[in-house]
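Here is the structure we will look at.
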Amino acid sequence: MAFTYAISSGDWARITPELALLVAALLVMLVDAVIPARLRGALVLIGLLGVLAALASVVTLYNATGSPGAFGGMVTSDPLALLTTLIILAATGLALLLSPGYIERQGTRQQGEFYALVLLAATGMVLMAAATNLMIVFLGLELLSLPLYVLCAFAPGQQRAQEAGMKYFLLSSFASGFLLYGMALVYGATGATNLGDIRHFVATHALNPATSFGPFLIGGMALLAVGLAFKVSAIPFHAWTPDVYQGAPTPVTALMSVGTKTAAFAALARIFVGALGPVMPQWQGIMIALAVITMLGGNILAATQTNVKRMLAYSSIAHAGYLLIGIAVGTPLGLAALFYYLAAYAVMNLGAFGVVLVLERVAGLGTHLDDYRGLAARRPGLAAVLAVFLFALAGIPGTAGFVAKYTMFYAAVVGGQAELTIIGVIASMIGFYYYLRVIWAMYFVPAPDMPTAEVLAAGTPSVSLAGLNAAVVTKLATTAPPLAVGAVVALALALIGTFALGIIPAPLITLARQAAGLP
Amino acid sequence: MAFPILSAIIFVPLVGGVIAAFLPRQAAWAWAGAVALADLVLTIVAALQFSRGAGGFQFAEHQPWIPGLGLDYSLGLDGISLFLVILSALLGVVTIAASAPQARDPRRAGTYFALMLLLVAGIQGVFLATNVFLFYVFWEIMLVPAYLLIGTFGGPRRAAAAIKFVIYTAVGSLLMLAGVIGLGAAASNSVGHYTLDLPALLGHVPASAQGVLFLAFFAAFAVKAPLFPFHAWLPDAYTEAPVPVTVLLAGAMSKTGAYGFIRFCLPLFPNAARQAAPIIETLAVIGILYCAVQALVQTDFKRLLAYSSVSHMGVILLGIFALNAQGLDGAVLQMVNHGITTGALFLIAGLIATRAGTRDIRALGGLAVRLPLLTAVFCIAALSSLGLPGLNSFAGEFLALLGAFRANIAFGVLGTLVVIPAAWYLLRFFQGVMEGPKPSPAPAPADGAEVTLPRPPVARDLGVGDLAILVPLLALMVLIGIFPAPLPDRIEPAVTQNVMTTLHPAPPALPHVFDHR
């Protein structure tokens, strides 16, 4: 079979968000090489401009007419791709805004590389969300994973970050292998890598183990499920998440917890509910099981944590469980709920990580629950903002988290999976406990005395302070870090988003329904 | 479009609360007082324009909110909610006026008054929502300020009390969330589309789904009311919360649970309600007697009042689940009375505690000589709580128990027994504190350290400010006691139309207990 295909300018127009991010990444690297070191802080502006340009192109594409597909059905700019791109861009923008103050405090010199890698990872996420071919899904996945390997370890001299990078690299490459093998098997069974063609094949051929392609397809589906479940950190493929999220620089954690998840859920929706929708009975049970154990397990494990950053890592696992309901239900309504939930999760989770990041001191100190004691008295504004994000994550009405949870549970009941709603409700009860425990520490417990250098040295043996002057550590660890302008803007945006999505959810619900193919 | 007065009743304290958070302490107090007063004025305006013979929802507002999910912003006021809304606004004014100690806190006064106003807004929203989803939204919004108020401003064991409160209520309300979603789905076949508007749902919930849905809603309401044995959070929360917060919790918030039973559980799930009624009546009777006995053995008088409050709430629940018009009328009436009386009693307890420096009954005595005004006020409030004819609680408890007698004579008799321990523990409280000899100078109770307040004993009788707070409540006790008719006058038509019609498809004729025409 010979392929003849000519690329038109219309094709390029369909991937302008990816191009904008890519150009911004390259520009950051180029400018980084020529400007003096003291001006490198300004590089983040290039990155933000790239995100804004990508946002503008998403808006343009929403208004564009004609077929959304491009490059011969390799990628698309349909409402699903555009909405998930919006969410990823929001996450990237907020993560970039949060970064400068943080990496300055952590003493990182290579700012240029940091921003360039963040933008490249975002490009991969957007590409993965827009992919309509298994090959492009894999390409996007690798493009987002490779920069993240580096970013996870982007804290010189800190063992935890090195460990996070190594762990993520090893386990993620393993999962990529599963995914690729799954794709190969699906290709072998159906003769196509294009999602539309795969759907056509499975819809027109009866699937049973007796047919020659049956075992291949079932094996391929299982491997695809494993690979993507790893990326969304569903239990039992979650083991890397807490260590990586805790060890990685916090802006990277924030980006990963939202961006990677959004891209992977977009792929899950396209591959399973979309391409493999006709054989839903074959995979629905697995997705329901994943959703149930992820919801329950994530919440139970989060309730046992004493480090806030790690607790948020487990909380993000728990939320992956709620998100999986949307896939497990398998209806357009479930997908609409999934996309709404992703957007809500993006603002509230980035907000929560943003406050943790502002309070974090050098080498990951200041993220323990005890460090939050009396925060309401010391920094009332930050405490109140974090309280809002935690209430949102717990699902209190008036915030994005509640509408998200409601639409998801609603989709489960209407989709005939009422038991998922019951289990989700039970899991949310556990969630209440640990989110409110942080508020308990901030508001109800008086502030402890400032720790002395001895306490710091003796109390945190796991943190490597080698190479840092003890006096410097004490100073950094005991003085309240100042608020950077970017962080203030990011937190304000996340706060506005959290309330706006909770009080006037109608516009985004319309977009989410559109993305799911509903009128 | 007419002025949306019901929205104003909710959003004046809501927006006012948000603004209060950013004000310095004295300004915050004055602002919060003004906002609460404005809210009270709004409720009174609504009451004056309320047409008394009508049973349906008045001043109804309706706005689409979230498309595709049947979620609308719908408010309405009927005779059941009218007096509860006024009560909440009144208690909002009273508690904010009584918040002098909290207003002295230089850093946190703004937060405190913001949370108080948010709590009032949440309670008003619960009473006014006529869409089940909107009701749930306000129901949960109440939780946040209540949690923060107990945990931040309460007594020494406030953190534990706040956590206990939030766990109990969150479990209940999350079950209700599942129920809310399931309710729309269960009724959608019969209604024709997915909606959660209460009037549209009435009579459309299939009998097969009623049991499960009733239980889901029951969980939330039983915890909030509270119904024995779901009351364990309450003594701690009421005892540890600062006095104004306790007044608001006991006076207004506890009514939301009973209100939920009347507004949603009975009319939406009549079959299930009829089946569950004997069990709930049994629990209510057990709760009345158990909590009364608990109140008898308390040494901390704030805790005594907490148990007394639960015990009296049991009478209200007994009236509700009698499932007849008298019981329901009496229950609604008694909810208002209970709010006034319990609020006054907790305020008085706070006044005694600040003057005596302790809440331990054993360490007190002989205050009547030094504090005659306070003694007199306490005496009236205590008699009101006992249900003395001529004061407010008599009519309400009488009607509620009458309903219980009609439904089942055993429950009526058992429920009436509550009067005996109620008299006993309140007299014990009154005599122990006000009369008798002054205790020896060195009382050393074993657990006294926990209830001893830092303030030294000051023998100062009620000032003008204290009286200004208490006299309106006392006046209402007497007024409603002598002239109760305006209340059942407006409650009856609403109970008949909004509850009884679906509960008993052919409603029995109402005997006119109050000859007011």
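The values are calculated or read from the model by the stated rules, or taken from the named source; none is laboratory data. Fair warning: this is a prediction, and the values are worked out from it, not measured in the lab. Ideal geometry is used to build each Cβ from the backbone, glycine not excepted, and the neighbour counts take in all protein chains shown. Areas reflect the complete protein model, heavy atoms only, side chains present, ligands, DNA and RNA absent. Shrake-Rupley method; radii C 1.70, N 1.55, O 1.52, S 1.80 Å.
Given the structure, is A:Leu312 under 23 Å from A:Leu80 (Cβ atoms) and touching a residue at least 40 places away in the same chain (Cβ under 8 Å)? No, not satisfied. The set of residues from the range A:1-41 being open to solvent by less than 50 Å² (accessible area, probe 1.4 Å), free of Cβ contacts under 8 Å to residues at least 40 places away in the same chain and assigned to a helix (DSSP H, G or I) comprises just one member, A:Ala20.
Test B:Tyr112 against the stated conditions and say whether it is part of a helix (DSSP H, G or I) and within 11 Å of chain A (Cβ to nearest Cβ). Taking the combined requirement at face value, the residue does not satisfy it.
Might you check whether a residue that is open to solvent by 10 Å² or more (accessible area, probe 1.4 Å), β-branched (Val, Ile, Thr) and closer than 25 Å to B:Leu71 by Cβ occurs anywhere in the range B:141-158? Yes: the range B:141-158 contains one or more residues that are open to solvent by 10 Å² or more (accessible area, probe 1.4 Å), β-branched (Val, Ile, Thr) and closer than 25 Å to B:Leu71 by Cβ. For the range A:495-519, filtered to residues that are in contact with a Ser or Thr (Cβ under 9 Å, 6 or more places away or on another chain) and within 9 Å of chain B (Cβ to nearest Cβ), the residue that is nearest to A:Gly398 (Cα to Cα) is A:Pro505. For the range B:42-57, the count of residues that are in a strand (DSSP E or B) and either hydroxyl-bearing (Ser, Thr, Tyr) or over 28 Å from B:Thr195 (Cβ atoms) (or both) is zero. Can A:Ala56 be described as at pLDDT 85 or above and either among the aromatic types (Phe, Trp, Tyr) or more than 21 Å from the chain's Cα centre (by Cα) (or both)? Against the criterion (at pLDDT 85 or above and either among the aromatic types (Phe, Trp, Tyr) or more than 21 Å from the chain's Cα centre (by Cα) (or both)), A:Ala56 qualifies. Here is the figure for the range B:92-130: residues that are among the small types (Gly, Ala, Ser), open to solvent by 20 Å² or more (accessible area, probe 1.4 Å) and touching a helix residue (DSSP H, G or I) at 6+ places or on another chain (Cβ under 7 Å) total 2. Select from the range A:124-146 the residues that are in a helix (DSSP H, G or I) and open to solvent by 10 Å² or more (accessible area, probe 1.4 Å) and list them in ascending order. Scanning the range A:124-146 gives A:Leu127, A:Met135, A:Ile136, A:Phe138, A:Leu139, A:Glu142, A:Leu143, A:Leu146. At least 2 residues being modelled with pLDDT of 85 or more and among the aliphatic types (A, V, I, L, M) is the threshold, and among the helices (runs of 4 or more DSSP H) wholly inside the range B:298-391 those reaching it are B:301-320, B:325-356, B:372-386.
Listed here are the residues, each with its yes/no results for (1) more than 8 Å from chain B (Cβ to nearest Cβ); (2) open to solvent by less than 20 Å² (accessible area, probe 1.4 Å).
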site: A:Arg361; (1), (2): yes, no
site: A:Leu365; (1), (2): yes, yes
site: A:Pro380; (1), (2): no, no
site: A:Phe389; (1), (2): yes, yes
site: A:Ile396; (1), (2): no, yes
site: A:Ala400; (1), (2): yes, yes
site: A:Val403; (1), (2): no, yes
site: A:Tyr410; (1), (2): no, yes
site: A:Val413; (1), (2): no, no
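Yes/no matrix, rows are residues, columns are (1) under 22 Å from B:Gly465 (Cα atoms); (2) crowded, with 21+ Cβ neighbours inside 10 Å; (3) within 14 Å of chain A (Cβ to nearest Cβ):
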| position | (1), (2), (3) |
| --- | --- |
| B:Phe11 | no, no, yes |
| B:Ala34 | yes, no, no |
| B:Val45 | no, no, no |
| B:Gly53 | no, no, no |
| B:Phe57 | no, yes, no |
| B:Leu69 | no, yes, yes |
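I'd like to check something: does the range B:144-152 contain any residue that is within 10 Å of chain A (Cβ to nearest Cβ), of a type in the set (A, V, I, L, M, F, W, C) and without any contact (Cβ under 8 Å) to a residue 60 or more places away in the chain? Yes, there is a match, as at least one residue in the range B:144-152 is within 10 Å of chain A (Cβ to nearest Cβ), of a type in the set (A, V, I, L, M, F, W, C) and without any contact (Cβ under 8 Å) to a residue 60 or more places away in the chain.
Out of B:Leu371, B:Leu323, B:Leu268, B:Leu304, I need the residue that is in contact (Cβ under 8 Å) with a residue 12 or more places away in the chain, of a type in the set (A, V, I, L, M), open to solvent by less than 10 Å² (accessible area, probe 1.4 Å) and under 30 Å from B:Pro493 (Cβ atoms). Which one? So the residue among B:Leu371, B:Leu323, B:Leu268, B:Leu304 that is in contact (Cβ under 8 Å) with a residue 12 or more places away in the chain, of a type in the set (A, V, I, L, M), open to solvent by less than 10 Å² (accessible area, probe 1.4 Å) and under 30 Å from B:Pro493 (Cβ atoms) is B:Leu268. Considering only residues that are modelled with pLDDT under 85 and buried (at least 22 other Cβ atoms within 10 Å of the Cβ), which ones fall in the range A:147-169? Across the range A:147-169, the qualifying residues are A:Phe154, A:Ala155, A:Gln158, A:Ala161. Selection of the range B:95-123 for residues being polar (S, T, N, Q) and in contact with a Phe, Trp or Tyr (Cβ under 8 Å, 6 or more places away or on another chain) yields B:Ser99, B:Gln102.
Being open to solvent by 10 Å² or more (accessible area, probe 1.4 Å) and not acidic (Asp, Glu) narrows it down to one residue among A:Gly220, A:Gly177, A:Gly259, A:Gly227; which is it?
A:Gly177
Exactly one condition in (1) open to solvent by 10 Å² or more (accessible area, probe 1.4 Å); (2) at the interface with another protein chain (Cβ under 10 Å from one of its Cβ atoms); (3) touching a strand residue (DSSP E or B) at 6+ places or on another chain (Cβ under 6 Å) is not met by B:Phe133; state its number. So the condition that B:Phe133 fails would be (1).
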